[in-house]
Amino acid sequence: VPTSNIRNFSIIAHIDHGKSTLADKLLQLTGTVESREMKDQFLDNMDLERERGITIKLQAARMRFTYENEPHCLNLIDTPGHVDFSYEVSRSLAACEGALLVVDASQGVEAQTLANVYLALENNLEVIPVLNKIDLPGAEPNRVSQEIEEVIGLDCSNAIYCSAKEGIGITEILNAIVQRIPPPHDTNGRPLRALIFDSYYDAYRGVIVYFRVVDGTIKKGDRIIFMASGKDYFADEIGVLSPSQMQVEELRAGEVGYLSASIKSVADARVGDTITHYTRRAEQSLPGYKEATPMVFCGLFPVDADQFPELRDALEKLQLNDAALKFEPETSSAMGFGFRCGFLGLLHMEIVQERLEREYNLTLITTAPSVVYRVNTINGDTVECSNPSLLPEPGKRSSIEEPYVKIELLTPKDYIGPLMELAQDRRGEFKEMKYLTESRASIIYELPLAEMVGDFFDQLKSRSKGYASMEYSFIGYRESELIKLDILINGDCVEPLATIVHKDKAYAVGRALTQKLKELIPRQMFKVPIQACVGSKVIASESLSAIRKDVLAKCYGGDITRKKKLLRKQAEGKRRMKAIGKVDVPQEAFMAVLKLE
Ligand code: GTP
């Protein structure tokens, strides 16, 4: 099709507002996939994604659509729906001329949606408001349209009302995409520039790169170079996504497709990088390339020390597919050999941990996540520290800085009080509050990332009965009065349990943590003291009384299968324990600091 008949768009929606359901319906109605070959929700195709019902990685699909007797080619570029992946969202939006803003007509606009709409508007995208779920009895599309107008300032007079589930309004959406979203510019004559919006590692073909041609054309066999990484390759295969990969000879300005070139690691062809020709190079790369910077770190240790080499292999393999994952070896006297790993955020961390266990069959202990502190030493250096146990001694440092984030909470007005209390309690600095509508407010705070890393999001949800949403962005480092809190179990300092806390919170955290550990650590054959210390000063202590544990005592009679079952259960429970000194410490204990009341 000519460039003027191409439309590139993405869908912006809050989690659960129906993005995947709508995407499926668009694919079905355009005959892109037969409904019988459709696995539930085509675009989310990682198992883990489907299970958790969230979109993590981007995908794309090309649809054929006839509008006024002319064939059109509509490229849907999917965006991940979680704050951890906001950079990927920004790149996929940069590859489009328009976006559907899907809002659940029984709910309203959410923080994450807002942030992404602003991103789209900054990128000059044409945004088409779509009110979904109008089949629900509680749907109020008029009210929600009005909210969108008031909050975003987006004209909703021609918003589309639809039900992705019932298939209502889908043709209207396809028509609107053609009518309202502008076609790409025809810049086929210029030197090649293509934007990478996603890539993944395939065991047989190497990295598969998803891109949008912005200028010029790319042909099969072309010698190409990635401008940020400086790596060059021959494009062995290029193609389109319909939505499965289909080879083509050439892709022109405005088109969306994939290429493979025996690339060994996604780090060579990162999201945001620009592809150009090796000989006829573009002068300037496309704007917006950013290295992924991990914000959250934790230790990963195999329960069974023999699994260390397997863990290293698994991390190396995952990294081929995940340019944001960082790791380096870490040894601790308590935990043995493992790795210190860096992640974009907590969800990213959980995903990696789960994949390591599921796909590589490892049993791991994860230590509590930490942010990266900047420590200014007395001789004028600044060192970065992402491992609380390695914080330089008080005598060696002059100050500590910690990362701060700006958070925006959107909430129905009834929960403003409890949410402000939460933010205040997490050392939040109140910035602004405004009413978006009569019943919904936006509250802005600045607070330390470390205070958000734990259960902040869970708290937000539980204090607002699930109605509040949030969005955050990193705003820089600030000096804070921080100290290290050590935990001693049975007299031994357990490094992975050390945390960095604000000095005013040390006593409270120390007390709560020792109590929590007392609950979580199983009683041993001997008495075990649990202490929290600042320097050499004990600020809280508890003790576990001794017990002789005999699981079979519960078992009356001589039923052997029942006995076996109990023993097996006990053995499974042990799998996630780490022997520290003479004490077995379970996984939950390492995360206890995140779950303090
Ligand atoms: P993420 O993938 O997590 O971003 O969610 P999503 O926005 O893709 O939402 P999804 O399509 O998975 O839909 C969420 C839930 O809403 C599912 O249970 C859908 O069946 C339901 N749903 C989607 N569209 C409609 C609709 O038009 N009407 C009704 N009643 N339910 C819908």
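The values are calculated or read from the model by the stated rules, or taken from the named source; none is laboratory data. Everything quoted here is computed from the prediction, not taken from an experiment. Using ideal geometry, Cβ is built from the backbone for each residue, glycine included, and neighbour counts are taken over all protein chains shown. Side chains are part of the model used for accessible areas, which takes the heavy atoms of the whole protein and leaves out ligands, DNA and RNA. Shrake-Rupley method; radii C 1.70, N 1.55, O 1.52, S 1.80 Å.
Worth pointing out:
- Full extension of the chain segment joining A203 with F337 gains 45.4 nm, where the gain is 0.36 nm per residue of separation less the Cα-Cα distance.
- Restricting the calculation to Cα atoms, region 391-538 shows an Rg/Rh of 1.06 when the hydrodynamic-style radius is the Kirkwood one.
- Ranking by accessible area, most exposed first, for K516, K434 with a 1.4 Å probe: K434, K516
- The magnitude of the dipole of the chain, with charges of +1 and -1 set on the Cβ of Lys/Arg and Asp/Glu and taken from the Cα centre, is near 2120 debye.
- For L362, nonlocal amide neighbours, meaning residues 5 or more places apart or on other chains whose placed amide H falls under 5 Å from its own, are E357.
- Kirkwood hydrodynamic radius of the chain, Cα pairs, Å: 26.5
- Inter-label distance, D306 to E70: 6.8 nm, where each label sits 7 Å from its Cα along the C-beta direction.
- Counted charge near Y278, where neighbours are those whose Cβ lies closer than 11 Å (Asp, Glu -1; Lys, Arg +1): +2
- Exposure rule at most 15 other beta-carbon atoms within 10 Å, DSSP loop chymotrypsin sites (Phe, Trp or Tyr not before Pro): the chain longest free segment: 279-525
- Among the listed pairs K537/K595; K406/K431; K396/K537; K326/K484; K19/K406, a Cα-Cα separation exceeding 20 Å is found for K537/K595; K326/K484; K19/K406.
- A simple spin-label model places pseudo-atoms 7 Å from Cα toward Cβ; at D414 and S543 they are separated by 4.9 nm.
- Extension gain, R358-E481: 0.36 nm per intervening residue step, less the Cα-Cα distance, totals 40.3 nm.
- In terms of its alpha-carbon gyration tensor, region 60-134 comes out oblate; a/c meets the 1.5 threshold, while b/c is at least as large as a/b.
- The chain, accessible area per residue, ligands and nucleic acids excluded (1.4 Å, Å²): 45
- Shape call, region 337-427: gyration tensor on alpha carbons, a/c limit 1.5: oblate
- Region 470-553 shape via C-alpha gyration tensor axes, a/c threshold 1.5: prolate
- Label-point separation, K406 to T3 (7 Å along Cα→Cβ), nm: 3.7
- DSSP H segments from the chain that extend 18 Å or more along their own axis, Cα-based, with Kyte-Doolittle mean of -0.5 or above: 308-320, 506-520
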